[in-house]
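Reviewing the structure listed below.
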Amino acid sequence: MHDIRAIRDNPQAFDAALARLNLPPVSAQLLSLDETRRARIKAAEDAQAEQNRASKQVGAAKAKGDEAEFERLRALVAETKAQVAAMQAEAADLDRELRDLLMTIPNLPLDRVPDGASEADNVELRRWGTPRQMDFTPVEHFDIAGVRPGMDFATAAKLSGSRFVVLQGAVARIHRALAQYMLDTHIDRHGLTETWTPVLVLPAMMEGTGQLPKFGDDSYRTTDGWWLIPTSEVTLTNTVNGALLDHADLPRRMVAHSQCFRSEAGSAGRDTAGMLRQHQFEKVEMVSITDADSGLAEHDRMTAQAEAILQGLELPYRTIILCTGDMGFSARITHDIEVWLPGQNSYREISSVSYCGDFQGRRMNARYRPEGGGKPEFVHTLNGSGLAVGRTLIAVLENGQQQDGSVMLPKALHPYLGGCTLLGADGRLA
């Protein structure tokens with residue numbers, strides 16, 4: 001959420017930043033609402049002062065035996081009290097209206113973010129690894145002979161409908177091994193704190209990270225009012241919701257492996273084959289809570305941590321910076337990491353690492369005491385996939401596929417698979 005005081009100070013800059021997001025100006029509407037709200041607050045305060053003065057005079061009039069003045073002042077107090085209550089209620093309504101409007105406005109991009117309208121305008125930063133040259137035509141993950149016995153879409157559709165999968169046997173074990181490898185790397189090498197959180201959250205938690213109120217259609221809500229998390233960014237970030245932290249407690253670096261749930265409302269017809277885009281999937285998520293000065297350095301650190309997982313799995317990838325037209329609602333800057341998928345002959349997103357500034361901190365009212373003292377400041381937040389487990393499974397299977405339908409598995413996974421190095425064409429580990 002944005003600070004209305006900053007918008008008052010420089011409305012032109014605020015509208016100019018929105019224009020970079022291809023959004024219309026809104027500062028005039030915000031400031032008009034804010035001005036009316038502040039006028040009602042001042043009027044209520046003035047009326048309250050008048051009520052207090054009259055209340056003091058009532059007793060004096062009674063003591064003097066001036067019955068007429070006593071009745072006049074008592075009537076004035078009652079009338080002013082009603083006016084104060086009405087103006088306070090109106091000010092509260094205007095305050096809610098202003099907050100609700102501010103909650104729907106996306107975060108503003110950093111100057112270094114490239115301008116653009118869509119993913120076509122994203123800018124590549126670097127590449128790692130060289131896609132393997134295959135002397136046969138590679139296929140997508142679900143068409144690899146050794147994968148078919150362990151990846152059952154028909155049964156999943158019977159159970160739950162489209163965009164679900166049942167994994168079993170060796171494929172399910174590789175999927176589990178990938179999540180374990182990611183967690184161990186982030187905990188042992190990167191120093192993140194393993195965290196386990198619920199997958200059901202209250203609406204206020206979805207508001208805190210920016211999924212609500214604007215993007216409710218992208219997630220699932222239960223009949224009891226809970227929301228299923230689209231990513232554990234929601235729970236990890238909201239662990240500091242409403243908190244006042246000491247600077248010495250920062251940064252907080254957390255990692256969680258969780259189920260994630262997304263309606264994919266805006267992706268009708270996209271990636272319908274295979275398990276690239278599912279309603280239910282697993283992700284290892286990284287979240288950092290920092291001070292105002294450390295966010296960008298932490299962003300680079302988290303990007304490198306996500307890249308390290310792909311390097312350990314020997315998967316070629318490229319890292320890009322998203323343009324203004326392709327960034328998420330809460331981000332100020334985002335790095336996407338795209339892994340090479342031979343079956344599609346293209347790079348596809350496997351991680352998105354975002355720095356949000358104090359945008360989420362303000363929504364959550366999460367603050368910290370500065371190191372040198374002074375007024376508490378809002379925390380800065382970051383989140384990133386480290387990685388999406390299902391998409392990593394796809395990448396491992398497609399990049400390791402052999403002409404006979406078997407799959408050579410990355411060395412990093414061998415210890416998690418009992419020393420097995422191969423997914424055979426018969427669907428068994430060997």
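Please tell me the relative contact order of the chain in percent, rounded to the nearest whole number, where contacts are Cα pairs under 8 Å and at least six residues apart. About 20 percent, as a whole number.
Of all DSSP bridge pairs formed entirely within the stretch 243-398, close to 90 percent run antiparallel. To the nearest 10, the accessible area of LYS81 is 130 Å² with a 1.4 Å probe. Sorted on the mean count of surrounding Cβ atoms within 10 Å across their residues, most packed first, peptides 226-233, 203-210 read 226-233, 203-210.
Phi-derived couplings, Karplus 6.51 cos²θ - 1.76 cosθ + 1.60 at θ = phi - 60°, listed residue by residue for the stretch 414-430: 3, x, 7, 10, x, x, 5, 10, 9, 9, x, 5, 8, x, 10, 7, 9 Hz, with x used for Gly and Pro. For GLN12 and ALA273, FRET efficiency with R0 = 51 Å and r from the beta-carbon atoms, rounded to 0.05? The calculated FRET efficiency here is 0.60. Sequentially through the stretch 405-412, phi angles give Karplus couplings (6.51, -1.76, 1.60; θ = phi - 60°) of x, 8, 9, 6, 9, x, 4, 4 Hz, Gly and Pro residues having no value and appearing as x. Taking every alpha-carbon pair in the chain and binning the separations at 10 Å intervals from zero gives 4, 18, 26, 21, 13, 8, 5, 3, 2, 1, 0 percent. Amide hydrogen proximity for LEU125: with H placed 1.01 Å from N in the peptide plane, the residues at 5 or more positions away or on another chain lying under 5 Å are THR319, ILE320, ILE321.
FRET efficiency for the pair GLU371 and ALA39, taken as 1/(1 + (r/R0)^6) with r the Cβ-Cβ distance and R0 = 35 Å, rounds to 0.35. Other residues with beta-carbon under 11 Å from the beta-carbon of ARG369 carry, at +1 per Lys or Arg and -1 per Asp or Glu, a net charge of -3.
Residues in the stretch 317-333 carry Karplus couplings, in order, of 8, 9, 10, 10, 9, 6, 7, 4, x, 10, 6, x, 4, 9, 8, 9, 7 Hz; the curve used is 6.51 cos²θ - 1.76 cosθ + 1.60 with θ = phi - 60°, and Gly or Pro positions show x.
Under 1.5 on a/c is rounded, so check that first for the stretch 169-274, then, if it is not, pick prolate when a/b is larger than b/c and oblate when it is not; a ≥ b ≥ c are the square roots of the alpha carbon gyration tensor eigenvalues. The shape class here is oblate. Annotation: peptides 321-332, 276-287, ranked by per-residue average of other Cβ atoms within 10 Å with the highest first, follow the order 276-287, 321-332. Considering only the other residues whose Cβ falls under 9 Å of the Cβ of THR319, what net charge follows from Lys and Arg at +1 and Asp and Glu at -1? Charge balance in the 9 Å sphere: -1. Taking each residue as 0.36 nm, the span from ASP93 to ARG112 lengthens on full extension beyond its C-alpha to C-alpha distance by 3.0 nm. Protein heavy-atom accessible surface, 1.4 Å probe, per residue over the stretch 378-430: 33 Å².
Can you tell me, using C-alpha contacts under 8 Å and at least 6 residues apart, the relative contact order of the stretch 278-400 as a whole percent? Before the final figure, lay out the partial values.
Working: 225 pairs, mean separation 43.6, N = 123.
For the stretch 278-400, the relative contact order is 35 percent.
Using the Cα gyration tensor of the stretch 208-349, with a ≥ b ≥ c the square roots of its eigenvalues, what is the shape: rounded (a/c below 1.5), prolate (a/b larger than b/c) or oblate (neither)? It comes out oblate by the Cα gyration axes.
The values are calculated or read from the model by the stated rules, or taken from the named source; none is laboratory data. Just so you know, these numbers come straight off a predicted model, no measurement behind them. Every residue, glycine as well, gets a Cβ built from its backbone with ideal geometry; the counts of neighbours run over all protein chains shown. Keep in mind that these areas ignore ligands, DNA and RNA; they rest on the heavy atoms of the full protein, side chains included. Shrake-Rupley method; radii C 1.70, N 1.55, O 1.52, S 1.80 Å.
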